[in-house]
Each structure stands twice: as structure tokens, then as C-alpha cells.
């Protein structure tokens, strides 16, 4: 976690860690797969769990993930597609109960919960509001829209009212742009030079770093995950963004310290 105040979190990581094509790239060639998470957790303090989208793991799996994690490590968890894609948020109480019955086994290592809506599903304010009311309030929630009809001020108002963050992303055809909606910032980086792949150009990471540092200065927590896993670019780009943010924060801190010193000296 990038050093800030005790309460503020700035976490940069990847969307998953179990990719066979990362062997002999991010993971040393001779490292047993059972040691991959430990290696990952030496580099990053957060990861986004994606396989829970395809099939909800049993509580025992979440408990195992908790046991393997360092004390301050956070898992962001993607909610089941049964709720988001098959039911399209309809009758959310039972799917949410079953999801959190498992996910809460992560204990203090549970971070934001991501709900990714399906492409092609158009704006449905009533369905969205019913879903938002059903969300348990003690957890962080973020919604990723894959249809541009959802980028609507009425949606933003609902999200803000229920303290749910808009997931920012760069998927071509439904990219969100940079917006502040909700009580924290959550970003998914899907498209370096291709869908789920390619290295992010320096200028794009610089733009994101500048914008995120401004949000950090606003006091917002930041969670960002790279999903361009093809070719092993995700962990490298996550480090590149993290380093850029760190450099900018150090510069801001030095300016703030000098300003404080001048103010104290003038008294």
C-alpha cells in the first residue's frame, strides 16, 4: 500500500494471479504454482478475484484465501454472474445472501465487491434502485457498466445516495471515462493496446496517475486493477502506475512540508 495517512488506502494490483502464461515471466520458471500467491503478495497488497464471477467458490475456499494473505492484504471480489447477467439484478436478496455467506470468510481481508453488468443490457433505473437498496451497508460496493446507456446523471445520483462507487474502466465500446461517483475510486484497466492485453503507453499511465493523485488529495481511497494479463503485462503495468503515483505523492509531500516550514517560520 502506498504510504499515506492511516485511514486512507491506495491499492494497485492485478485482476487475478493464477495465469499459466505468467510462468517464467512474472513468476520464476521453477516456482511451484502453490507458491504463486506468496510471490504475488510480496509485490502487491491487493488482488481482484475474478473466478467468483463464473462460479461462486465455497466458504472454505474464501477461508483458505484469508489464511494465505498477509495481515493487511485486501481481496476485491467480483460478484457472481448469476446475479448480474442471468438475473440482471432482479430479486437480489437471495443471491446476495449466498455471495456474502461465502465472501465474508475473508474477514478483514475483504475489500470492495464488484458487480459487472452485461453488455447490451440497457438502463433500468427501477431495477438498479431495488438492487442498491438490497446491498449490505457495511461493505464497499462498485458497479461496472458495459452499456453506455447507464452513464446517466440519474444513475450517478442513485449510486452516490447509496454510497456505491462507479467502476471506471477502458473497455472499448463502453468505457466510462474519469468520473467521481461514490465514496471511493475503483478502476479496471482492460485494454493496453488490445482487449485484455498489450502494454499501456507511458502517456496513458501518466494521465491516470495525475488524475488519481488529485483524487487522493481529495481524501478518496483508490483501488485499481490491471486486467491486461495476456503477455504478462498486468503486473508490470501495475508497478508502473504505482511508481508514478508514488513519485507524484512524494513531490506533493515535499511541497507541503516546505510550505508548512515557511508558515511556521513566519510566526
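Read the figures in this text as sums done on the coordinates, not as results from a lab. Note that the structure is predicted; figures quoted are calculated from it, not measured. Please note: Cβ atoms are built from the backbone with ideal geometry, for glycine as well, and neighbour counts cover all protein chains shown.
Here are the numbers for this structure:
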quantity: Extension gain (nm, one decimal) between residue 82 and residue 134, 0.36 nm per residue minus Cα-Cα; calculated: 17.1 nm
quantity: Cα-based convex hull volume of segment 1-141 per residue, rounded to whole Å³; calculated: 132 Å³
quantity: Calculated [θ] (222 nm, deg cm²/dmol) that DSSP helices of n ≥ 4 give over the chain, each run adding -39,500 (n - 2.57); calculated: -12000 deg cm²/dmol
quantity: Peptides 27-34, 57-64, 129-136 ordered by average Cβ neighbours within 10 Å, highest first; calculated: 129-136, 57-64, 27-34
quantity: Geometric extent, Cα atoms of segment 116-267 - Rg, Dmax (angstrom); calculated: 18.1, 62
quantity: Candidates 23, 66, 242: whichever shows maximal mean-square fluctuation once the chain is modelled as a Gaussian network with Cα springs under 10 Å; calculated: 23
quantity: Residue exposure sequence - 239, 213 - by fewest surrounding Cβ within 10 Å; calculated: 239, 213
quantity: Centroid-to-centroid separation of segment 152-220 and segment 106-128 [C-alpha atoms, Å]; calculated: 15 Å
quantity: Reference-scaled alpha-carbon Rg (2.2 N^0.38 Å with N residues) for segment 10-266; calculated: 1.05
quantity: Highest-first arrangement of 146-157, 103-114, 181-192, where packing means the average Cβ count within 10 Å; calculated: 181-192, 103-114, 146-157
quantity: Residue among 199, 244, 127 with the largest mean-square fluctuation in a Gaussian network model of the chain, springs linking Cα atoms under 10 Å; calculated: 127
quantity: Linear extension gain, residue 204 paired with residue 152, 0.36 nm per residue minus alpha-carbon span; calculated: 16.2 nm
quantity: Modelled FRET efficiency - R0 41 Å, residue 43 with residue 104, Cβ distances, 0.05 increments; calculated: 0.95
